[in-house]
């Protein structure tokens with residue numbers, strides 16, 4: 001029996017690039033689609049938020065002198081490309097899915113409508129939320145927190161490609177970095193840990209939405225997270 005019945009899966013764009021470092025690695029996106037199918041078969045309702053960092057990062061463009069709002073809108077378009085690729089992989093293995101965008105582009109996806117998204121979930125369709133919040137200056141982490149609150153998801157599953165949980169420091173730089181099995185949002189904010197941005201963390205904390213941070217690189221981890229198995233790190237209002 002699964003622990004969670006309605007989840008938001010947050011995928012970083014970088015995770016979709018796999019070993020390529022840029023763009024979409026077909027092997028990775030197919031693996032993600034198969035893992036999503038596994039939890040759909042457990043009767044879990046799944047929404048997905050995908051980043052766009054494998055194609056374009058708004059912050060990077062802004063740092064090089066580009067207008068921040070323009071750079072962020074470009075990043076939103078990158079998330080749409082990733083979302084359509086994920087939808088294609090899901091449909092290819094028989095999983096019904098819908099892409100909903102915060103910026104209207106009716107030829108390729110539905111506009112985001114909360115009630116329609118919930119209806120799709122109830123019909124066991126995967127809903128992929130694209131184009132962030134539709135506003136510059138907000139990350140896809142914040143999108144995941146916002147959409148999770150709106151659809152009343154029980155948890156956000158944050159799938160990472162470089163780490164397998166929350167650490168006290170960057171484990172690739174500091175060999176003494178400590179991995180937490182659980183931690184509170186308040187401690188994440190106080191210690192400035194790079195789990196998700198402060199806006200997203202505050203939104204999750206205020207709405208009492210737990211976060212499970214784990215590695216996407218090991219197949220089966222999404223299912224383990226849904227079943228409440230001890231993997232990665234769980235972040236709650238109180239640790």
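The values are calculated or read from the model by the stated rules, or taken from the named source; none is laboratory data. Since this is a predicted model, take the numbers as computed values, not measurements. Positions of Cβ are generated from backbone atoms using ideal geometry, with glycine treated the same way; all protein chains shown enter the neighbour counts.
What the table shows:
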| read-out | value |
| --- | --- |
| Count of region 197-239 residues which are within 14 Å of residue 32 (Cβ to Cβ) and assigned to a strand (DSSP E or B) | 2 |
| Qualifying position, being buried (at least 20 other Cβ atoms within 10 Å of the Cβ) and out of contact with any helix residue (DSSP H, G or I) (no Cβ under 9 Å at 6 or more places or on another chain), among 83, 97 | 83 |
| Meets criteria (under 30 Å from residue 6 (Cβ atoms), touching a helix residue (DSSP H, G or I) at 6+ places or on another chain (Cβ under 9 Å) and surrounded by fewer than 18 Cβ atoms within 10 Å (Cβ to Cβ)) for residue 64 | no |
| Which numbered condition residue 74 fails, given (1) assigned to a loop (DSSP other than H, G, I, E, B); (2) in contact with a helix residue (DSSP H, G or I) (Cβ under 7 Å, 6 or more places away or on another chain); (3) modelled with pLDDT of 90 or more; (4) surrounded by fewer than 18 Cβ atoms within 10 Å (Cβ to Cβ) | (1) |
| Given (1) at pLDDT 90 or above; (2) more than 20 Å from residue 143 (Cα to Cα), index of the condition residue 171 fails | (1) |
| Candidates 102, 97, 139, 89, filtered to the one that is modelled with pLDDT under 95 and closer than 13 Å to residue 50 by Cβ | 139 |
| Number of positions in region 104-114 that are under 18 Å from the mean Cα position of the chain (by Cα) and either in contact (Cβ under 8 Å) with a residue 40 or more places away in the chain or not in a helix (DSSP H, G or I) (or both) | 1 |
| Only listed residue being touching a residue at least 24 places away in the same chain (Cβ under 8 Å) and either buried (at least 22 other Cβ atoms within 10 Å of the Cβ) or touching a helix residue (DSSP H, G or I) at 6+ places or on another chain (Cβ under 6 Å) (or both), chosen from 205, 217 | 205 |
| Which numbered condition residue 117 misses (of (1) part of a helix (DSSP H, G or I); (2) crowded, with 23+ Cβ neighbours inside 10 Å) | (2) |
| Among the residues listed as 198, 133, the single one being within 16 Å of the chain's Cα centre (by Cα) and surrounded by fewer than 16 Cβ atoms within 10 Å (Cβ to Cβ) | 198 |
| Subset of region 156-183 [touching a helix residue (DSSP H, G or I) at 6+ places or on another chain (Cβ under 8 Å) and either loosely packed, with under 14 Cβ neighbours inside 10 Å or not in a loop (DSSP other than H, G, I, E, B) (or both)] | 156, 157, 158, 159, 160, 162, 166 |
| Any hit, region 13-26, residues being under 19 Å from residue 133 (Cβ atoms), without any contact (Cβ under 8 Å) to a residue 40 or more places away in the chain and either in contact with a helix residue (DSSP H, G or I) (Cβ under 6 Å, 6 or more places away or on another chain) or buried (at least 19 other Cβ atoms within 10 Å of the Cβ) (or both) | no |
| Residue tally, condition part of a helix (DSSP H, G or I) and in contact with a strand residue (DSSP E or B) (Cβ under 7 Å, 6 or more places away or on another chain), over region 185-196 | 2 |
